[in-house]
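Undergrad: A single structure is presented below for examination.
The values are calculated or read from the model by the stated rules, or taken from the named source; none is laboratory data. Since we're looking at a predicted model, the values are computed, not measured. All Cβ positions, glycine included, derive from the backbone under ideal geometry; neighbour counts span all protein chains shown.
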Amino acid sequence: MRVIFWGSPRIAVAPLETICGSSHRVAAVVCQPDRPKGRGRKLSAPPVKVAAGRVGIPVLQPELPRGEEFLSRLRSFEPEISVVVAYGHILRPEVLELPPHGSINLHASILPAWRGAAPIQRAIAAGDTQGGLSVIQMDEGMDSGDILAVHRMSIGETETAGELAARMSEAGGALLVETLNRIERGEIEPVAQDHSLATFAPKINREEGRVDWSAPCKTVAAKIRGFDPAPGAWTTRNGEPLKLFRPRVVDSSGAPGAVSQGPDGSLVVCCGDGAVALGELQARGKRRMPAGDYLRGAPITDGEKLE
C-alpha cells in the first residue's frame with residue numbers, strides 16, 4: 001500500500017524504516033518543522049526527517065497540518081493509508097479520512113489504558129509491570145478509535161522510559177507492517193474500546209518531576225525511572241536543582257530526604273519508608289554523571305537533607 005507516514009521524534013524512526021523495508025511504499029513523510037536546539041539555538045531537523053532524507057522520501061513540514069493547500073499536497077501523493085507515530089498534532093477529520101483506508105495510529109499502551117501524550121512515562125511512574133502497543137483506526141477523539149492490533153510487553157523492574165521507548169519503537173515497526181498486510185488482505189476486524197475503562201496520560205511538565213521524599217521508596221523509584229530521560233525527576237540541594245537517575249530501592253531508615261553515600265558510591269536518600277540509592281545525578285549546567293563522580297566534587301555534609 002502507498003503510505004503517508006506522520007511522525008517526528010526518534011521513537012518514530014524505527015517504525016518508518018521498517019515500513020520502508022517492507023512491501024509497502026512510503027510516498028511521503030509529514031513531520032514537525034525544524035526547531036532551534038542547543039546552546040547555539042541552531043535549527044535542527046526532526047529525527048524522522050533525517051531518516052526520510054537518507055532514503056529519498058519527500059518530506060512535508062507544515063506548522064499546522066490543515067488548509068486546502070496542505071490537503072492538495074497530500075492528495076498529490078495518492079495515499080492509500082496514513083500511519084501516525086508520535087506526530088504531535090491532532091489531525092482534523094478531513095486529514096484522517098483523506099486516504100481510502102483512513103488513518104491508523106501506533107500508540108504506546110494497551111488501550112484504553114494511558115490515552116494521551118505520555119503513556120510510557122505515566123505507566124512506569126505508576127508502577128505498571130505490563131504494557132505494550134496498540135494500533136488503532138484513528139477518529140476525532142484522543143486515542144479512542146477502534147483497536148486493530150495489540151502487542152503486549154513486560155516492563156522491567158529497573159527499566160526507564162527511554163529504554164522502554166526504544167524497545168517499543170523496534171517492536172512497533174513489525175506490528176505496523178503486520179497490520180498493514182492484514183488491512184490489505186481484508187483480514188482486520190476492528191474492536192471497539194471500552195471507554196469506561198480509559199485512563200489518561202497527559203504531557204508531563206517540569207514541576208511534576210519534583211520528588212516528594214515523604215512518599216514510599218517504591219513510588220519514588222518508579223517516578224524517577226518514568227521521567228528518565230525527560231523531563232527528569234529532580235530535587236533541590238542547597239537551593240539548586242539536582243536531577244536524579246538510576247534509582248534502586250534499598251533498606252535504610254531516617255527522616256525523609258536524609259542522605260548518605262552508599263558503599264558503591266551511590267547517593268542514598270531516605271523516603272517515607274525505606275530509601276532509594278541513586279546511581280546517576282545531574283547538577284544544573286553539568287552533564288549527567290555517576291553519583292560517585294558527582295559526590296567527589298560535592299561531598300555530603302553531616303545531617304544533610306534534600307529539600
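Undergrad: Among the candidates 254, 303, single out the residue that is modelled with pLDDT under 95, of a type in the set (Gly, Ala, Ser) and touching a Cys at 6+ places or on another chain (Cβ under 6 Å).
TA: Details: 303 fails: touching a Cys at 6+ places or on another chain (Cβ under 6 Å).
Step by step, each of 254, 303 is checked, and only 254 is modelled with pLDDT under 95, of a type in the set (Gly, Ala, Ser) and touching a Cys at 6+ places or on another chain (Cβ under 6 Å).
Results for (1) crowded, with 16+ Cβ neighbours inside 10 Å; (2) of a type outside the set (A, V, I, L, M, F, W, C); (3) in the same structural domain as residue 263 (by TED's automatic domain parsing); (4) touching a residue at least 40 places away in the same chain (Cβ under 8 Å), shown as yes or no for each residue.
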| site | (1), (2), (3), (4) |
| --- | --- |
| 151 | yes, yes, no, no |
| 155 | yes, no, no, no |
| 159 | yes, yes, no, yes |
| 165 | yes, no, no, yes |
| 191 | no, no, no, yes |
| 237 | yes, yes, yes, yes |
| 240 | no, yes, yes, yes |
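Conditions (1) on the phi > 0 side of the Ramachandran plot; (2) in contact with an Asp or Glu (Cβ under 8 Å, 6 or more places away or on another chain), marked per residue:
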residue: 44; (1), (2): no, yes
residue: 70; (1), (2): no, no
residue: 78; (1), (2): yes, no
residue: 124; (1), (2): no, yes
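Undergrad: Further question: Identify the single condition in (1) part of a loop (DSSP other than H, G, I, E, B); (2) modelled with pLDDT of 95 or more that residue 90 does not satisfy, given that it satisfies every other one.
TA: All conditions are met except number (2).
Undergrad: Suppose we keep only residues that are over 15 Å from residue 210 (Cβ atoms) and assigned to a loop (DSSP other than H, G, I, E, B) within region 273-285. Which one would you say is nearest to the chain's Cα centre (by Cα)?
TA: So the residue we want is 285.
Undergrad: Further question on the same structure: Filter region 169-211 for residues that are more than 17 Å from the chain's Cα centre (by Cα) and within 23 Å of residue 10 (Cα to Cα) and give the result.
TA: 174, 175, 176, 177, 178, 179, 180 - these are the residues of region 169-211 that are more than 17 Å from the chain's Cα centre (by Cα) and within 23 Å of residue 10 (Cα to Cα).
Undergrad: So for region 248-270 (the condition being loosely packed, with under 15 Cβ neighbours inside 10 Å, assigned to a strand (DSSP E or B) and either of a type outside the set (A, V, I, L, M) or in contact with a helix residue (DSSP H, G or I) (Cβ under 6 Å, 6 or more places away or on another chain) (or both)), does at least one residue qualify?
TA: No; the residues of region 248-270 include none that is loosely packed, with under 15 Cβ neighbours inside 10 Å, assigned to a strand (DSSP E or B) and either of a type outside the set (A, V, I, L, M) or in contact with a helix residue (DSSP H, G or I) (Cβ under 6 Å, 6 or more places away or on another chain) (or both).
Undergrad: Please name all residue pairs, on different chains or six or more residues apart, with Cβ atoms under 7 Å, provided the first residue is in region 267-286 and is of a type in the set (D, E, K, R) and the second residue is buried (at least 21 other Cβ atoms within 10 Å of the Cβ).
TA: Listed by first residue and then by second, the contacts come to 273/217; 280/245; 280/291.
Undergrad: Only one of 178, 187, 170 is of a type outside the set (Lys, Arg), in a loop (DSSP other than H, G, I, E, B) and in the same structural domain as residue 17 (by TED's automatic domain parsing); which? Talk me through it step by step, then tell me what you get.
TA: Values: 178 fails: in a loop (DSSP other than H, G, I, E, B); 170 fails: in a loop (DSSP other than H, G, I, E, B).
That would be 187, the only listed residue that is of a type outside the set (Lys, Arg), in a loop (DSSP other than H, G, I, E, B) and in the same structural domain as residue 17 (by TED's automatic domain parsing).
Undergrad: Quick one: which residue in 210, 206, 182 is surrounded by fewer than 17 Cβ atoms within 10 Å (Cβ to Cβ) and closer than 17 Å to residue 246 by Cα? Give the steps one after another, and end with the answer.
TA: Details: 206 fails: closer than 17 Å to residue 246 by Cα; 182 fails: closer than 17 Å to residue 246 by Cα.
Residue meeting the stated conditions: 210.
Undergrad: Has region 58-66 got at least one residue that is charged (D, E, K, R), in the same structural domain as residue 115 (by TED's automatic domain parsing) and part of a loop (DSSP other than H, G, I, E, B)?
TA: Let us first name the residues in region 58-66 that are charged (D, E, K, R), namely 63, 66.
The next check asks that each one be in the same structural domain as residue 115 (by TED's automatic domain parsing); those that pass are 63, 66.
From the residues that got through so far, the ones that are part of a loop (DSSP other than H, G, I, E, B) too are 63, 66.
Yes, region 58-66 contains at least one residue that is charged (D, E, K, R), in the same structural domain as residue 115 (by TED's automatic domain parsing) and part of a loop (DSSP other than H, G, I, E, B).
Undergrad: Please give the number of the condition residue 245 fails out of (1) within 19 Å of residue 207 (Cα to Cα); (2) in a loop (DSSP other than H, G, I, E, B).
TA: The single condition residue 245 does not satisfy is (2).
Undergrad: Now, a different point. Scan region 1-18 residue by residue and report those that are in a helix (DSSP H, G or I) and buried (at least 23 other Cβ atoms within 10 Å of the Cβ).
TA: Taking region 1-18 as the starting set, the residues that turn out to be in a helix (DSSP H, G or I) are 10-18.
12, 15, 16 - these are the residues of region 1-18 that are in a helix (DSSP H, G or I) and buried (at least 23 other Cβ atoms within 10 Å of the Cβ).
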